[in-house]
Amino acid sequence: MKYQAEYIWIDGSEPTRKLRSKTKVVNVGSKPPVWGFDGSSTNQATGHFSDCVLAPVYSVPDPLRGSNDVLVMCEVLNADMTPHVTNERSATAAVAKTYASFEPKFGIEQEYTFFQDGRPYGWPEDGFPAPQGPYYCGVGGAKMPGRDIVEAHTLACIRAGIGIEGTNAEVMMGQWEFQVGVLGPVEIGDQLWLARWLLERIAEEFGVDVNFDAKPVKGDWNGAGAHTNFSTKQMRAAGGYAACVAAAESLGTRVKEHIANYGVGIEDRLTGAHETAHWSKFSFGVSDRGASVRIPAHVARDKKGYIEDRRPNANVDPYVVARLITETACGAASAKSKAPATKVAAKKAPAKKAVAKKAPAKKAASRR
């Protein structure tokens, strides 16, 4: 008896990494083994030494094939079994281990746009559809193209055991969103990459492409993001609101580094319009979708919960965004907890003023 294992990995394409996959037939009762591939064809090696290694790290039931078949998320290793330079998962695992005591958790809102024949799916061959307004969470007729693909993808994620939490149509026609969480820094990357693979694989059958560009259509149209929700056990605990605010503040200390790693085309999307803060500025606020980081209204009310970093692009690597937020927010909290208490200098009692002694009065000489 045999089963099929679909090996899935992230390639070395620039400027945006792409998913690759191939099938291995495995004996029932055996786990998917370490395998290899031609790295020179995926921008991960040169032709004169092209062997790269696929190391299985996470697998789920394959919802598109038979009951015994699996999808296998893989890390890419060099031939000497060290992490490949494109392997972001390895670095994220190290950061997650360092800050495990904080129990960091993530939920990512993955936006994307369906395309067909070079334009957003459902758009007219010439010109543009009606302006934005009726599409967000809309229903009905020709204005909601792609719902059949979304439904098939959602069901596939559920059957695979991926932590999909919901879906909705987005602001631009042909644009949709699904959410994955609540998971640790490594797990959110594993599951979101698999969910992306399933979406692209299912869209194949409809003759539709999935576009993760940050600004798929120039002009007065919304971009596509991957809003990232984050919390620690301290933020989730009763009275954890101060920890939520501290986490939001910490993200403002490494703005350039985060922006540089939050996906390609971020300057086109984070313009200060279309529910975004400008990429060069940092802000946070309660229920403010025009801020870099939003604290949901119910978090401010309940005095505990999570924050939402609204800056990551739809094409961000989830391993990278989870790593950066974890090491920034948890690192700041850790440093604060280890900081020595400020010593208050003991106040000295004011020196007593010397009292000048009066010379004893001379006795009057007795007159005789």
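The values are calculated or read from the model by the stated rules, or taken from the named source; none is laboratory data. Computed from a predicted structure; not experimentally measured. Cβ coordinates were reconstructed from backbone atoms using ideal geometry, including for glycine residues, and neighbour counts include every protein chain displayed.
For THR232, the conditions (1) in contact with a Pro (Cβ under 6 Å, 6 or more places away or on another chain); (2) closer than 13 Å to GLU177 by Cα all hold with the exception of (2).
Within region 2-33, if we keep just the residues that are free of Cβ contacts under 8 Å to residues at least 40 places away in the same chain and of a type in the set (A, V, I, L, M), the residue that is surrounded by the fewest Cβ atoms within 10 Å (Cβ to Cβ) turns out to be VAL25.
Only a single criterion out of (1) in a loop (DSSP other than H, G, I, E, B); (2) surrounded by fewer than 16 Cβ atoms within 10 Å (Cβ to Cβ) is not satisfied by ARG301, namely (1). Only one of the numbered conditions (1) surrounded by 14 or more Cβ atoms within 10 Å (Cβ to Cβ); (2) in contact (Cβ under 8 Å) with a residue 24 or more places away in the chain; (3) farther than 27 Å from VAL182 by Cα is violated by MET81, and that is (1).
Report yes if GLY166 is farther than 17 Å from ASP62 by Cα, part of a strand (DSSP E or B) and at pLDDT below 95, otherwise no. No: the conditions fail for GLY166.
Give the residues of region 204-243 that are buried (at least 22 other Cβ atoms within 10 Å of the Cβ) and at positive phi, sorted by residue number. Passing the criteria: none in range.
In region 244-265, what count of residues is obtained for those that are buried (at least 22 other Cβ atoms within 10 Å of the Cβ) and not in a loop (DSSP other than H, G, I, E, B)? Number of matching residues: 5.
Can you find, within region 88-128, the residue that is nearest to GLY12 (Cα to Cα) among those that are without any contact (Cβ under 8 Å) to a residue 40 or more places away in the chain and not charged (D, E, K, R)? If we take residues in region 88-128 being without any contact (Cβ under 8 Å) to a residue 40 or more places away in the chain and not charged (D, E, K, R), then SER90 is nearest to GLY12 (Cα to Cα).
Okay, residues lined up against (1) in contact (Cβ under 8 Å) with a residue 24 or more places away in the chain; (2) assigned by TED's automatic domain parsing to the domain that holds TYR7; (3) farther than 29 Å from ALA329 by Cα; (4) polar (S, T, N, Q):
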{"residue": "ILE162", "(1), (2), (3), (4)": "yes, no, no, no"}
{"residue": "THR167", "(1), (2), (3), (4)": "no, no, no, yes"}
{"residue": "ASP190", "(1), (2), (3), (4)": "yes, no, no, no"}
{"residue": "GLU204", "(1), (2), (3), (4)": "no, no, yes, no"}
{"residue": "THR232", "(1), (2), (3), (4)": "yes, no, no, yes"}
{"residue": "GLY239", "(1), (2), (3), (4)": "yes, no, no, no"}
{"residue": "ALA246", "(1), (2), (3), (4)": "yes, no, no, no"}
{"residue": "THR271", "(1), (2), (3), (4)": "no, no, no, yes"}
{"residue": "GLU275", "(1), (2), (3), (4)": "yes, no, no, no"}
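Go through VAL139, VAL171, VAL76 for me and flag whichever is in the same structural domain as ASP213 (by TED's automatic domain parsing), under 25 Å from the mean Cα position of the chain (by Cα) and of a type outside the set (Gly, Ala, Ser).
On the way: VAL139 fails: under 25 Å from the mean Cα position of the chain (by Cα); VAL76 fails: in the same structural domain as ASP213 (by TED's automatic domain parsing).
Sole residue among the options that is in the same structural domain as ASP213 (by TED's automatic domain parsing), under 25 Å from the mean Cα position of the chain (by Cα) and of a type outside the set (Gly, Ala, Ser): VAL171.
One residue stands out among those in region 177-197 that are β-branched (Val, Ile, Thr) and in a strand (DSSP E or B): the one that is surrounded by the most Cβ atoms within 10 Å (Cβ to Cβ), which is VAL180.
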